[in-house]
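Here's the structure, in structure tokens; my notes come after.
Taken together, the values in this text are just the output of simple stated rules run on the coordinates, not laboratory data. Since we're looking at a predicted model, the values are computed, not measured. Neighbour counts run over all protein chains shown; Cβ positions are idealised from the backbone, glycine included.
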Amino acid sequence: MLTITNALLPNNTLSYLTFRIACLDTLERIVLARQFGPEAAEGFGYLSEVPFLRAVPPQVQLDLLSETWQKHLHRERFDGDLVDESVLFAVCETAARIAEQEPQQLKAWGTSGPRRISLTSQGAFPANLRQVHLTLPNEGDFLLISQFEDLPPFEALSLKAQFGLEPSKCEAMFDVLGRWHVSPGFAGRLTGLLTDREIAQAVAVVRSTDSIELPSHPEA
């Protein structure tokens, strides 16, 4: 169970869809980037929704998604950190965007997964997908961090204090920026989100990506 500011993230169809759609979209973009080069990498990966994490390699983005998803499914309670909040925000925004711009793709991905669901009416889907994170009581601190990057340390510390942003809470976000490789157990963490065939494909894509350098977001 994953909680955000002590509120439980519901384990329902909408939360499942946000993680699934964002995962498959990012996997597809990795493949496109390998085939067509840097031009295909603009806005690369679901975490491009969070300015501070735009430079995170796409395979690590998927690893982070799998870690947050595993916490969500686990019987034990996990208090989400800023990385979990970032992942949740980004998967919801990505899934909502695809629902708005590519409804047929949303339907194809949504109905082909391990959960048997029917997507008959999609008119309210974008708003419903965004509500997965909007209904949880977080303060959006993960969106504020990038505003302090170019400030002198003392000034940045002062402003963080004004916003109530504790430096210790930011450590996990900075740690993510130093990750390049996918951590062990990646395939297992995708259980319940992707089919067995999709998991095998995801592992193959990630393994090949781990051995080459993909272009980061051009604004990173």
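The phi-based Karplus calculation (6.51 cos²θ - 1.76 cosθ + 1.60; θ = phi - 60°) puts the 3J(HN,Hα) values of segment 86-92 at 5, 4, 4, 4, 5, 5, 5 Hz, whole numbers, x for Gly and Pro. Once both labels are positioned 7 Å from their Cα atoms along Cα-to-Cβ, the gap between Leu8 and Gln101 label points is 3.5 nm. If the chain linking Val31 and Ile117 were pulled fully straight, counting 0.36 nm for each residue of separation and taking away their Cα-Cα distance, it would gain 28.3 nm.
Which length gain, in nm to one decimal place, applies between Asp79 and Gln201 when the Cα-Cα distance is subtracted from 0.36 nm times their residue separation?
So the extension gain works out to 40.9 nm.
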